[in-house]
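Take a look at the structure below.
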Amino acid sequence: MKTSKLEEEENIQEQKLVEPVPVVFQCLNCLQIVGDSNSWVISKEELNTVTLRDVPVDRVRVSKRLETTKDGLCVYSKIYCLKCNFELGMVFRATSKALDELRDMYTFRIDKIESYELGQKSFDTLGNTRFDIDIQMKEDILKLKSFCLSLSERWQLHDESLQAIWTILNNDKEKNPITENNVRHRTKKVKTQNT
Ligand SMILES: [Zn+2]
């Protein structure tokens, strides 16, 4: 099925609008930032957790002590906030098959962290974000720069041609200085040629 240009534009707008907003995660106790949604892996509703691939190393401490879950299927180390020592979650070292994707990741308990959504992206009337506009501006500036360069090159060529003409004229003037005699001589020459 063929879609009209308007429909295509609407689709692009919708895609942009559902783009996830970045979220910052903080320790619930001291509000230190302990991670963000850029490294988001998965949220598990049944565990009440959110799992991140990476966290800033200077924000959390992972205990060396290994603990076992009540069902005995998983082994994990607890994660603590480095600033206030509040327990935030765990790093699974060995898991049941169901929790395989959490292994060696940072799994935070949702009731131990605060989440903060960074400002909703704003769009102009054409559906461009600030980032799109900046890119467009940079491209425009580059175009303008290359235009100015070509203009200056052209001007330089022009200038060189003018200089060349000027030099020829000056040389000619030195060889044949415009004196009264010279003018008469030239005029005479022209008259002779005409008769
Ligand atoms: Zn803390």
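Just so you know, all these numbers are worked out from the coordinates, no wet-lab data involved. Values in this document were obtained by computation on a predicted structure and should not be read as measured data. As a convention, Cβ positions derive from the backbone with ideal geometry for all residues, glycine included, and neighbour counts pool all protein chains shown.
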Next on the checklist: Expected output is a single nm value to one decimal: the length gained when fully extending between Arg109 and Lys44, i.e. 0.36 nm times separation in residues minus the C-alpha distance. What is it?
Outcome noted: 22.4 nm
Checklist entry - Residues with beta-carbon under 15 Å from that of Cys84, excluding Cys84: net charge, scoring Lys, Arg +1 and Asp, Glu -1? => result +2
Item to check | Under 10 Å, Cβ to Cβ, from Leu66 - net charge with Lys/Arg +1 and Asp/Glu -1 | outcome: +3
Item to check | For Ile42, residues with placed amide H under 5 Å, excluding near neighbours | outcome: Thr51
Checklist entry - Each label point is 7 Å from the Cα along the Cα-to-Cβ direction; what then is the distance between the points at Asp140 and Ala164, in nm? => result 3.9 nm
Checklist entry - So how much slack lies between Val23 and Asn128, counting 0.36 nm per residue of separation and subtracting their Cα-Cα distance, in nm? => result 35.7 nm
